[in-house]
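> Before I ask anything, here is the structure I am working with.
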């Protein structure tokens, strides 16, 4: 403060107790208007009094969420800023967000998706209706974990029910544990955690095999491939049997795979061409008796006629000889 008097030795007495021509005050918004006075005296002339008014505008105060965010890529984060000012109603404050580069946005709520692994920072600028602002930089609280890449091959590419063993080779990257689902839900060994497992399919069909690759962060990736097990056909017809009820080779019975057992027929003829046995059940063979009798037929050669239908609906016919030997 400067006195326009005659330049005498002035004294200055401020209302806040300060002395001197200069006074520093700490005004605040709650006490607006902040009024200060000073009495000036030269010891001769009447005292002079000056008044000063200081108006203070409040700085925005706010909090934000999240305080940290971690997860697997792509990670989506909800950002929200909320006024915490007690000096004024901060519901009208505006917020400007900077997420790096040209990625900026306005508003109290923002949603950001981080597609790649790494750590990320952001900045918030809050501005209130008084024109005051507060700028906050938040360092690397967003951590995005890498996701492994799941892949596998299988050998053979397709198989038949005669050779249904499939060997899997794991080609995944960035993972340390694996969960396999072979799509074979009738099997007790349908799953595995092995690196390169093997699985045997008991039935023909199409099987979708899933492999989930997991890394140390718990991030996952899934690969799926289809396995085709073809319904191949094979039948074996014995050329001799010994119906002596010793539990060994007592019944003449074909064996096979890929057979429609509902469309099966076997007929046995003696040397004179007389039909002595018929079966329409694939699992029921000839025990060596004739026409339901209790005693086995005589040793000798008998003729069989067998008709089957494969599960591909192909009809097959077989005619041959079988030798009956009683020991």
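The values are calculated or read from the model by the stated rules, or taken from the named source; none is laboratory data. Computed from a predicted structure; not experimentally measured. Every residue, glycine as well, gets a Cβ built from its backbone with ideal geometry; the counts of neighbours run over all protein chains shown.
> Among the residues of segment 118-128, what is the count of those that are buried (at least 17 other Cβ atoms within 10 Å of the Cβ) and in contact with a strand residue (DSSP E or B) (Cβ under 7 Å, 6 or more places away or on another chain)? Show your work before the answer.
Filtering segment 118-128 down to residues buried (at least 17 other Cβ atoms within 10 Å of the Cβ) leaves 120, 122, 124-126, 128.
Still in the list and also in contact with a strand residue (DSSP E or B) (Cβ under 7 Å, 6 or more places away or on another chain): 120, 122, 124-126.
The qualifying residues number 5.
> Let me ask something else. If I go through segment 205-223 residue by residue, how many of them are free of Cβ contacts under 8 Å to residues at least 60 places away in the same chain and either outside the structural domain of residue 187 (by TED's automatic domain parsing) or surrounded by fewer than 17 Cβ atoms within 10 Å (Cβ to Cβ) (or both)?
Going residue by residue through segment 205-223, those that are free of Cβ contacts under 8 Å to residues at least 60 places away in the same chain are 205-210, 216.
Subset that is either outside the structural domain of residue 187 (by TED's automatic domain parsing) or surrounded by fewer than 17 Cβ atoms within 10 Å (Cβ to Cβ) (or both): 205-206, 208, 210, 216.
Residues that pass the stated criteria total 5.
> Would you mind stating whether residue 249 is at pLDDT below 95 and under 30 Å from residue 325 (Cα atoms)?
So residue 249 passes the test.
> Go through 187, 191, 177 for me and flag whichever is touching a residue at least 24 places away in the same chain (Cβ under 8 Å) and surrounded by 14 or more Cβ atoms within 10 Å (Cβ to Cβ).
Working: 187 fails: touching a residue at least 24 places away in the same chain (Cβ under 8 Å); 191 fails: touching a residue at least 24 places away in the same chain (Cβ under 8 Å).
Exactly one residue qualifies, and that residue is 177.
> Right, next: Restricting to segment 83-95, count the residues that are surrounded by fewer than 16 Cβ atoms within 10 Å (Cβ to Cβ) and in contact with a strand residue (DSSP E or B) (Cβ under 9 Å, 6 or more places away or on another chain).
Final tally of qualifying residues: 5.
> Filter segment 24-46 for residues that are more than 60 Å from the chain's Cα centre (by Cα), surrounded by 12 or more Cβ atoms within 10 Å (Cβ to Cβ) and under 23 Å from residue 58 (Cβ atoms) and give the result.
So in segment 24-46, the residues more than 60 Å from the chain's Cα centre (by Cα) come out as 24-25, 33-46.
Remaining after also requiring surrounded by 12 or more Cβ atoms within 10 Å (Cβ to Cβ): 25, 34-42, 45.
Residues satisfying the conditions are 25, 34, 35, 36.
> Would you check if residue 67 is part of a strand (DSSP E or B), loosely packed, with under 14 Cβ neighbours inside 10 Å and either in contact (Cβ under 8 Å) with a residue 60 or more places away in the chain or within 42 Å of the chain's Cα centre (by Cα) (or both)?
No.
> Follow-up. Take the conditions assigned to a strand (DSSP E or B), outside the structural domain of residue 117 (by TED's automatic domain parsing) and without any contact (Cβ under 8 Å) to a residue 60 or more places away in the chain and apply them to residue 303. Does it pass?
Answer is yes for this residue.
> Take residue 85 and decide whether it is under 30 Å from residue 219 (Cβ atoms), outside any helix (DSSP H, G or I) and modelled with pLDDT under 95.
no
> Related question: Answer yes or no as to whether residue 278 is assigned to a loop (DSSP other than H, G, I, E, B) and under 60 Å from the mean Cα position of the chain (by Cα).
No: the conditions fail for residue 278.
> Same structure again: Please go through (1) surrounded by 15 or more Cβ atoms within 10 Å (Cβ to Cβ); (2) under 30 Å from residue 60 (Cα atoms) for residue 145 and return the number of the only condition it doesn't satisfy.
(2)
> Applying the selection to segment 86-140, what residues are closer than 11 Å to residue 61 by Cα, touching a helix residue (DSSP H, G or I) at 6+ places or on another chain (Cβ under 7 Å) and without any contact (Cβ under 8 Å) to a residue 60 or more places away in the chain?
The one that is closer than 11 Å to residue 61 by Cα, touching a helix residue (DSSP H, G or I) at 6+ places or on another chain (Cβ under 7 Å) and without any contact (Cβ under 8 Å) to a residue 60 or more places away in the chain: 87.
> Still on this structure, please answer the following. Can you pull out every residue in segment 33-53 that is more than 14 Å from residue 20 (Cα to Cα) and not in a strand (DSSP E or B)?
Those that are more than 14 Å from residue 20 (Cα to Cα) and not in a strand (DSSP E or B): 33, 43, 44, 45, 46, 47.
> Another question, then. Among the candidates 323, 284, single out the residue that is touching a strand residue (DSSP E or B) at 6+ places or on another chain (Cβ under 8 Å) and at negative phi.
After applying the criteria, what remains is 323.
> Within segment 156-207, how many residues are within 20 Å of the chain's Cα centre (by Cα), within 14 Å of residue 224 (Cα to Cα) and not in a strand (DSSP E or B)?
Number satisfying all stated conditions: 4.
> Shifting gears a bit: Keeping to segment 100-155, report how many residues are within 27 Å of the chain's Cα centre (by Cα) and not in a strand (DSSP E or B).
8
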